[in-house]
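Each remark here refers to the structure printed beneath this line.
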Amino acid sequence: MTNRCIANIIEGQDPLVLQPDATVQLACRRMCERSVGAVLVTDRAQHLIGIFTGRDAARMMGEGGDAGTARLDAAMTPHPVTIKPDSHAIDALRLMRDGGFRHLPVVVDGKLLGIVTRSDFEGLELDRIEVENALWERIC
């Protein structure tokens, strides 16, 4: 199937979510336990306030941060780009391509519903974005 709706892709998903006062060490441990590349950081009402990825961990450690004491709200990427569940796969792939990131939270009215990553997309969806990329390269 091509260009699926984001709501269908995240159906039944249980994304990794932590509060902003959690430590980077805890976030990294949970990411390893769940074999995921991102933690969604929410307030108590489940409104997305940031995202923490392996890139954020590397940046924080490279700057001399202590994973055992550093809080997620100091290491996360605040106010990440998001997508709505009624969007389509190609929309998500375009946002990730244009923004240079691999994780895209799914949000409605600030409330977190899930997350999509490049690995969530199938052959024909990926083929379509590659064709678009090739066309842009020829035009530019």
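Quick note: the coordinates plus some simple rules give every number you see, no bench work behind them. Nothing here was measured: the structure is a model prediction, and the numbers come from that model. Positions of Cβ are generated from backbone atoms using ideal geometry, with glycine treated the same way; all protein chains shown enter the neighbour counts.
Name the one entry in Met96, Met60 that is assigned to a helix (DSSP H, G or I), under 13 Å from the mean Cα position of the chain (by Cα) and not hydroxyl-bearing (Ser, Thr, Tyr).
Unique residue meeting the criteria: Met96.
In this structure, does Leu104 turn out to be on the phi < 0 side of the Ramachandran plot and surrounded by 20 or more Cβ atoms within 10 Å (Cβ to Cβ)?
Yes: the conditions hold for Leu104.
Restricting to the stretch 64-73, and then to whatever is of a type in the set (Gly, Ala, Ser) and in contact with a helix residue (DSSP H, G or I) (Cβ under 8 Å, 6 or more places away or on another chain), can you tell me which residue is farthest from Phe101 (Cα to Cα)?
Taking the candidates together, the pick is Gly68.
When the stretch 21-39 is examined, which residues are found to be assigned to a helix (DSSP H, G or I) and either among the aliphatic types (A, V, I, L, M) or touching a Gly at 6+ places or on another chain (Cβ under 7 Å) (or both)?
Val24, Gln25, Leu26, Ala27, Met31
Of the conditions (1) without any contact (Cβ under 8 Å) to a residue 40 or more places away in the chain; (2) in contact with an Asp or Glu (Cβ under 8 Å, 6 or more places away or on another chain), Asp21 fails just one. Which one is it?
All conditions are met except number (1).
Can you tell me which residues in the stretch 45-73 are loosely packed, with under 12 Cβ neighbours inside 10 Å and either without any contact (Cβ under 8 Å) to a residue 40 or more places away in the chain or over 18 Å from Lys111 (Cα atoms) (or both)?
Ala58, Gly62, Glu63, Gly64, Asp66, Gly68, Thr69
So in the stretch 1-29, with the set limited to residues that are over 16 Å from Leu112 (Cβ atoms) and touching a strand residue (DSSP E or B) at 6+ places or on another chain (Cβ under 8 Å), which one is surrounded by the fewest Cβ atoms within 10 Å (Cβ to Cβ)?
This residue is Asp21.
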